[in-house]
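Below you'll find the structure, written out as structure tokens, and then a few comments.
Bear in mind that the values in this text are calculations on the coordinates, not laboratory data. All figures in this text were calculated on a predicted structure; none of them were measured in a lab. As a convention, Cβ positions derive from the backbone with ideal geometry for all residues, glycine included, and neighbour counts pool all protein chains shown.
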Amino acid sequence: MTSTKCPNCGLVNFSDAESCKRCDTSFLTSDLIQDSTSQEQTPPRTLGKRIIWIAGMTLTIILIWYFSLRITSNGPDFDQRQSIAKAIAVLDSKGFSREAFILNNLVCFRTTDNWWNINSGHHEAYAATNFPFEIVTLYPEFFEVPKDDTERAAILLHEAQHLMGSGEVAALETTWNEKQKLGWTSALYSETKVWENTRELTLANIPTLFTCGPDQHVDCVQ
């Protein structure tokens, strides 16, 4: 049979006794005091533990978000992967090693819109980037419209700027300024749809790049 020892006088009482038979000390009050004492002795969560908990929750949310973007979109097929690889190879061969490394090693390419792209909407484009998740969606136009791998490389050069955190204006400016280095020149590509689309967007967003020549309307990056 279990028993209860009085914390006041030490008398051993029956386990179901509510108070001590010798000194009338209430065991219920004693239990409450012990519970209160045990709660007070529980150490508070330290700053370090709070930071770890917040970091863990943040990482969990990011991973869930990232995989949801992948699950709700489709990846490229074999031929599409080959086209992507050739365009990245052009970038690498022209000295854009940083962009090529990111595109080769850090990016998840998709060919259909994920839920984020669908909900946020986007203008007609050859590609779209989900920063900072490093997901690049390449639309059918990316594979069908460009004249060759160099033009696809120009599109990926633009998206690589987004992957590094640049906004649309900065991405347009970098791509237009580096077109000569890439080999994407007006002499060879001025009649293509990709060139015309990129020039129109760049002119609309950065008109200062087209203030050269006798009439002050010529491309300054030649």
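For every other residue with a beta carbon closer than 11 angstrom to the beta carbon of Asn8, add +1 if it is Lys or Arg and -1 if Asp or Glu, then tell me the sum.
Result for the neighbourhood of Asn8: +1.
Taking Lys179 as the anchor, which lysines have their alpha carbon closer than 30 Å to its alpha carbon, excluding any fewer than eight residues away along the same chain?
Result set, ordered by chain and number: Lys86, Lys94, Lys147, Lys193.
Given a cut-off of under 8 Å on Cα pairs at least six residues apart, what relative contact order in percent is computed for the chain?
Details: 226 pairs, mean separation 26.4, N = 222.
RCO, the chain: 12 percent.
Residues in segment 140-157, backbone N under 17 Å from the label point at Val221 (7 Å along the Cα-to-beta-carbon vector): list them, ranges by number please.
Only 150-157 fall inside the zone, counting backbone N under 17 Å.
Applying 1/(1 + (r/R0)^6) with R0 = 41 Å to the Cβ-Cβ distance of Ser93 and Thr60, what FRET efficiency is obtained, to the nearest 0.05?
After rounding to 0.05, the efficiency reads 0.55.
Based solely on its DSSP helices, what 222 nm [θ] is calculated for the chain when runs of n ≥ 4 H residues each add -39,500 (n - 2.57) and the sum is averaged over all residues, nearest 500 deg cm²/dmol?
-16500 deg cm²/dmol
Return the FRET efficiency for the residue pair Asn205, Ser68: r is the Cβ-Cβ distance, R0 is 35 Å, and the value is rounded to the nearest 0.05.
Once rounded, the FRET efficiency stands at 0.65.
Taking the Cα centre of segment 80-206 as origin, work out the dipole magnitude from +1 charges on Lys and Arg Cβ and -1 charges on Asp and Glu Cβ, in debye rounded to 20.
Roughly 320 debye for segment 80-206.
Write down the percent of antiparallel bridges among all DSSP beta bridges whose residues are both part of the chain, to the nearest 5.
Expressed as a percentage, antiparallel bridges in the chain total about 75.
Which of Cys23, Phe143, Phe78 sits farthest toward the positive end of the charge dipole of the chain, with +1 on the Cβ of Lys and Arg and -1 on the Cβ of Asp and Glu?
Cys23
Count the net charge of all other residues whose Cβ sits under 13 Å from the Cβ of Ala204, scoring Lys and Arg as +1 and Asp and Glu as -1. Mind dumping the intermediate values first?
Details: positive: Arg199; negative: Glu168, Glu173, Glu196, Glu200.
The answer is -3.
Need the full-extension length gain, Gln180 to Met164, defined as separation in residues times 0.36 nm minus the C-alpha distance. One decimal, nm.
3.6 nm
Roughly speaking, what is the stretch gain from Asn105 to Ser3, that is 0.36 nm per residue apart minus the C-alpha to C-alpha distance, in nm to one decimal?
Extending this stretch completely gives an extra 29.8 nm.
Count charges around Thr150 for me, please; just the other residues with Cβ under 11 Å from its Cβ, Lys/Arg as +1, Asp/Glu as -1.
Details: positive: Lys86, Lys94, Lys147, Arg152, Lys179; negative: Asp148, Asp149, Glu151.
The answer is +2.
Within 10 Å of each residue's Cβ, count the other Cβ atoms and sort Val221, Val107 from fewest upward.
By the 10 Å Cβ count, ascending: Val221, Val107.
So, R0 is 22 Å and r is the distance between the beta-carbons of Ala187 and Glu124; what FRET efficiency does that work out to, to 0.05?
Numbers: r = 27 Å, r/R0 = 1.22.
The pair Ala187/Glu124 has a calculated efficiency of 0.25.
Cut-off under 26 Å on the C-alpha distance; same-chain residues fewer than 8 positions from Lys21 excluded. Which lysines are left, in chain and number order?
The reachable lysines, counting only those whose Cα sits under 26 Å from Lys21, are Lys5.
Dipole size in debye (nearest 20) for the chain around its Cα centre, Lys and Arg Cβ +1, Asp and Glu Cβ -1?
Working: 18 positive and 27 negative charges, 194 e Å.
That gives a dipole near 940 debye.
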